[in-house]
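Note sheet for the following structure.
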């Protein structure tokens, strides 16, 4: 863990729709357990709440969550509500709709357009809010998203949603959505060791349109929901040693240097890991280091 002053503002800011956020945010999925969803050991509740409060103290004002982020004993939305309500005026909470899980945790069929209002209202109930700052439509393999995104646009017009985004999307999905309503962000899987062919396309598309690109699994990489389960790449280790920082900080710094429109939402239930993640905003990689790390993604293609 770094001894330098840690502030989420160190990486700069971005306008997420009509809300200004620091480019280092927080992903809430890992608050529910040591692994994704119903697997693994539940997090200590008091530690999860302390982590959320510490994140806000460090300047994090963008939290990513979802009603389907729950495990046997923990709900991410409920933890956020308990830790942070009444919410700071500058805090932006983003959620996702589309996927559905039953009470036992099993994945159900993705929501129909007419079911999305119920999913948004469930997030509002759990978070204790009358509107959501940002709702991302999480795609589940569909080719056309026009009906689903249109339903969310209606909720935006009704005042339940402030801004809209898409997740797990391709450039053609972005074009479909923009024909219906403004898109303020795209959440896609992207990182140092993730096949970057599709990711680069969306990264550029968002930059051209002034849309935030918000990658997930930036630290976990190929481990996805299970976390960083593989040995770290030698190149990442070498850059980390050169800067005296952790490999996780190198991964986040690389992501942040892909463009000023890129936001990161690393998740953890560990307050020390949280400080380490936020401190990545102060890490500046040299061009030769960026090229070295870029080569990892090319080799995965």
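The values are calculated or read from the model by the stated rules, or taken from the named source; none is laboratory data. Since we're looking at a predicted model, the values are computed, not measured. Cβ atoms come from the backbone with ideal geometry, glycine included; neighbour counts cover every protein chain shown.
Things worth noting here:
- All positions within the range 247-280 that are crowded, with 22+ Cβ neighbours inside 10 Å and part of a loop (DSSP other than H, G, I, E, B): 263, 265, 266, 268, 269
- Only residues that are at pLDDT 95 or above and surrounded by fewer than 24 Cβ atoms within 10 Å (Cβ to Cβ) were counted across the range 68-91, and they come to 12.
- Qualifying residue in the range 138-149 (condition: touching a strand residue (DSSP E or B) at 6+ places or on another chain (Cβ under 8 Å), within 16 Å of residue 68 (Cα to Cα) and surrounded by 15 or more Cβ atoms within 10 Å (Cβ to Cβ)): yes
- Checking the range 159-170 against the condition returns no match, with no residue being surrounded by 14 or more Cβ atoms within 10 Å (Cβ to Cβ), out of contact with any helix residue (DSSP H, G or I) (no Cβ under 9 Å at 6 or more places or on another chain), at negative phi and in a loop (DSSP other than H, G, I, E, B).
- Looking only at the range 281-301, and only at residues there that are assigned to a loop (DSSP other than H, G, I, E, B) and farther than 12 Å from residue 245 by Cα, the one that is modelled with the highest pLDDT: 286
Yes/no per residue for (1) within 17 Å of the chain's Cα centre (by Cα); (2) modelled with pLDDT of 95 or more; (3) under 28 Å from residue 71 (Cβ atoms); (4) buried (at least 23 other Cβ atoms within 10 Å of the Cβ):
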{"position": "4", "(1), (2), (3), (4)": "no, no, no, no"}
{"position": "15", "(1), (2), (3), (4)": "yes, yes, no, no"}
{"position": "26", "(1), (2), (3), (4)": "yes, yes, yes, yes"}
{"position": "32", "(1), (2), (3), (4)": "yes, no, yes, yes"}
{"position": "39", "(1), (2), (3), (4)": "no, no, yes, no"}
{"position": "50", "(1), (2), (3), (4)": "no, yes, yes, no"}
{"position": "55", "(1), (2), (3), (4)": "yes, yes, yes, yes"}
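- If you filter the range 92-111 down to residues that are at pLDDT 90 or above and part of a strand (DSSP E or B), you find that the one that is farthest from residue 75 (Cα to Cα) is 92.
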